[in-house]
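Everything below concerns the one structure shown next.
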Amino acid sequence: MLVYERNRRLVIPFVGPALILYLLFFIYPAVRGLWYSTLDWSGFNQTPEFIGFQNFIELFQDQWFWTTLYRTVLIMVLGGVFIFGLSFLFVILLNSGIRGKSFFRTVIFVPNVIAPIALTTLWGFILNYRFGLVNGFLTAIGLEEFAQPWMGPELVFWSMLVMIIWTYVGFYLVILLSAIAKIPTELYEVAHLEGANPLKMFTMITIPLIWDVLTIAIIYWGIFSLKLFEIIFSFTGFIPKSEIWTTPVYVYILGFGKINPIYRLGYATAISLVLLVIVMIFVIVSRFVFKRERIEY
Amino acid sequence: MRIRHSKATIIIAYLVLFLWCSFTIFALFWITLTSLKDNRTLFQNVWALPQEIHFENYELIWNTFDIKNYFKNSMIVVPISVFMILVFAAPAAYVLSRARFKGRNILLNFFVIGIGVPFVVLLIPLYFLLARLHIIDTLFGLSIVYISLSLPFSIFLLTGFFRSFPSELEEAAAIDGCRPFQIFLKIVLPITSPGLIAVSIFNFIGIWNEYLLALILTSSENNRVLSLGVYAIQNSMQYSGNWVALFAGIVIVFLPTLILYIFMSERIMESLTLGAVKG
């Protein structure tokens, strides 16, 4: 690109504005957050008190921190497994010669455009013990004894996980679908002629050839799932039940908790920083683990 | 995989897909139908069709619950933010995709890293930053935050997209004496408009549905955006119990994005694969 190689003057006016906004409203607050995490502060009446690393020491012993972190990671791992598993399943189903592929894909993706509050209200009704669809259906087919309090303390987290999986399958389906569509069908035909079974074709053709896209998708899900907030926060309505608290929700409640105003801003920021570090570690480790030679075809 | 399509596979495929999709479609219909019921009949049989249509739920929620204000706020904040994201991100992505200069990759990565930052980290500092700039609890402040926080992902997508375009036209124009900014406006933007539109739709949906930042950065009722407004109504459920009104609010929240999606689904799918699937 000869013109622009020499024209370094372009960089400032073109990238400058974005850079300024980014620095001012993104990087600067992030760095400030580092400072806030060393404070003991309720943000309003109290003057902040510097306590160094005490917030961090405290969080390591905080039962809530570990529980919520565990749940957050659980959503990432279990959710990821099911979401990608289902996505691949749907890719196979959609590619098996049916008609209306576009239609199905469109419908499966729909939950991704609907506001989380709509989804959580919907599922709240579906899973309701007394008049929910699930229990109603079970009763109707005579399996009344299997009707459970899906939103009760024991099952609510898993119910939420189901909702999360249902919502985001479509997103990864679309990505995988278009990546797989780019694989020349001749490869499969040749493999078939040479006697390969579907599983072999999957692992030796499909996966390697969509590796770039697959790893980006996995990393994106990892980041996305660790940040997940709205859909979790509104799942049990009003204030989320403590059984579904994940790290971002816990941070919010610590900092802005409405029921028992706790307003532990410094502590909350410290926890959010730990979350950030975890995200970063995940990204770095993933990129390292997923590294491979580019396959040209 | 066009090798063999056994009848059995196809039947199973239709079955599974049909089951999954009918559930989703049913869910959307049910939400809409419920918004037209009244509370008594709703709880008599939650899943039945409404006997009478109660359009007044919408009137109630629009006026008494103030949704019309929240809707107006969203219609201000979201389109403006989406447009401004393009204004900031497109030139940046263009240069970052074309120019080769020392530190270009570092700069690009600097932006892209932002994708991994959970918003909760920024909540508290942003609150105080906006307060000090006297733009806390304003739609303007909220918009600026939305724009800034969307830059990483948008730049990421757009850079990937721009990279896939050959640069001959721009070179030809440059040789003809066009200045870079003209080239950008008159040649690059028109050609890449599908990608710009795709990214904008993606941003529109994200910001329209967002409420965490809105929750923190706006406090007065006048400044609530729609998604936040519906969340607030859900909160008030514990006092009012007016579920059908809540559903009317929910329909108002998801209808625009649903309509946008139905008309633009191809573009939306494109925007996902812009940065990820190259070539």
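All of the numbers you see were taken from the coordinates with simple rules; none came from a lab. For clarity, every value in this text was computed on a predicted model and none was experimentally measured. All Cβ positions, glycine included, derive from the backbone under ideal geometry; neighbour counts span all protein chains shown.
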Which residue fluctuates the most in chain A, going by a Gaussian network model with Cα springs under 10 Å, if the choices are A:GLU230, A:GLU186, A:GLU58? A:GLU186
Alpha-carbon centroids, the range A:199-269 and the range A:50-118: separation in whole Å: 7
Where in chain B are the DSSP H helices whose alpha-carbon span along the long axis reaches 18 Å or more and whose Kyte-Doolittle mean is at least 1.0? B:7-34, B:67-98, B:119-132, B:139-163, B:193-209, B:243-276
Would you work out which of B:GLN51, B:LEU185, B:ILE25 lies farthest towards the positive end of the dipole of chain B? Charges go on Cβ: Lys and Arg +1, Asp and Glu -1. B:LEU185
For B:PHE83 and B:ALA131 in the same chain, what is the full-extension length gain: residue separation times 0.36 nm, less their Cα-Cα distance, in nm? 14.8 nm
In terms of Cα to Cα distance under 29 Å, which lysines are near enough to B:LYS7, apart from those fewer than 8 places away along the same chain? A:LYS101, A:LYS182, A:LYS200
What's log10 of I(q)/I(0) for the range B:7-56 at q = 0.15, 0.20, 0.21, 0.29 Å⁻¹, Debye sum over Cα points only, no solvent? -0.52, -0.68, -0.71, -1.01
Of A:ILE98, A:PRO208, A:LEU19, which is farthest along the charge dipole of chain A in the positive direction, counting Lys and Arg as +1 and Asp and Glu as -1 at C-beta? A:LEU19
Where nothing but the Cβ of Lys and Arg (+1) and of Asp and Glu (-1) is charged, how large is the charge dipole of chain B around its Cα centre, in debye to the nearest 20? 940
What ratio of Cα Rg to 2.2 N^0.38 Å holds for chain A? 1.24
Take each uninterrupted DSSP H stretch in chain A, measure its Cα extent along the helix axis, and return the ones at 18 Å or beyond whose mean Kyte-Doolittle hydropathy is at least -1.0. A:80-94, A:156-181, A:211-227, A:265-289
Computed about the Cα centre, the charge dipole of the protein assembly as shown from +1 Lys/Arg and -1 Asp/Glu charges at the Cβ has a magnitude in debye, to the nearest 20, of 1260
Please report how far the C-alpha centroid of the range B:199-219 lies from that of the range B:39-69, rounded to the nearest whole angstrom. 26
Name the chymotrypsin sites (Phe, Trp or Tyr not before Pro) in the range B:116-217 that are in a loop by DSSP and that have at most 16 other C-beta atoms within 10 Å, would you? none
Report, to one decimal in Å, the Kirkwood hydrodynamic radius for the range B:108-248 based on all distinct Cα pairs. 18.1
Length released on extending from B:PHE26 to B:PHE110, taking residue separation times 0.36 nm less the Cα-Cα span: 25.9 nm
Which trypsin sites (Lys or Arg not before Pro) does the range B:85-127 hold that lie in a coil by DSSP with at most 12 other beta carbons within 10 Å? B:ARG100, B:LYS102
Sorted by average packing, counted as other Cβ atoms within 10 angstrom per residue and highest first, what order do B:242-251, B:189-198 take? B:242-251, B:189-198
Rank A:PHE60, B:ALA174, A:LEU122 by how far each Cα sits towards the positive end of the charge dipole of the protein assembly as shown (+1 on Lys, Arg Cβ; -1 on Asp, Glu Cβ) and give me just the farthest. B:ALA174
Between B:PHE43 and A:LEU74, how high is the FRET efficiency from 1/(1 + (r/R0)^6) when r is the Cβ-Cβ distance and R₀ = 35 Å? Nearest 0.05. 0.55
Out of residues 5 or more away from A:LEU39 or on other chains, whose amide H comes under 5 Å of its own, with H placed 1.01 Å from N in the peptide plane? A:ILE51
Taking 7 Å along the Cα-to-C-beta vector as the label spot, tell me the B:ILE76-B:ILE175 distance in nanometres, rounded to one decimal. 5.1
Take A:ARG292 and A:GLU154, extend 7 Å from each Cα along the Cα→Cβ direction, and tell me the distance between the two endpoints in nm. 4.3
Taking a ≥ b ≥ c as the square roots of the eigenvalues of the Cα gyration tensor, with a/c under 1.5 meaning rounded and otherwise prolate when a/b exceeds b/c and oblate if not, the range B:1-86 is oblate
Of A:VAL169, A:VAL249, A:VAL81, the most mobile residue in a GNM of chain A (C-alpha springs, cutoff 10 Å) is A:VAL81
Exactly which GluC sites (Glu not before Pro) in the range B:129-206 are in a DSSP loop and have at most 14 other Cβ atoms within 10 Å? none
Checked chain B against the a/c 1.5 cut and the a/b vs b/c comparison, axes a ≥ b ≥ c from its Cα gyration tensor; verdict oblate
Which value, in Å to one decimal place, does the Kirkwood hydrodynamic radius take for the range A:140-297 when every pair of different Cα atoms is included? 19.4
To the nearest 0.05, the calculated FRET efficiency linking B:THR64 and B:ILE187 through their beta-carbon distance, R0 being 60 Å, is 0.70
Taking every Cα atom in the protein assembly as shown, find the radius of gyration and the maximum pairwise distance Dmax, and write them in Å. 24.8, 79
Set the Förster radius R0 to 56 Å, insert the Cβ-Cβ distance between A:GLN63 and A:THR185 as r into 1/(1 + (r/R0)^6), and round the FRET efficiency to 0.05. 0.55
What is the dipole size for the range A:63-289, taken about its Cα centre, with +1 at each Lys and Arg Cβ and -1 at each Asp and Glu Cβ, in debye to the nearest 20? 460
Of A:VAL110, A:VAL11, A:VAL251, which has the largest mean-square fluctuation in a 10 Å C-alpha GNM of chain A? A:VAL11
Label points 7 Å out from Cα along the Cβ direction at B:ARG100 and A:THR139: separation in nm? 7.1
In the range A:84-101, which residues have a backbone nitrogen under 14 Å from the label point lying 7 Å from A:HIS192's Cα in the Cα-to-Cβ direction? A:95-98
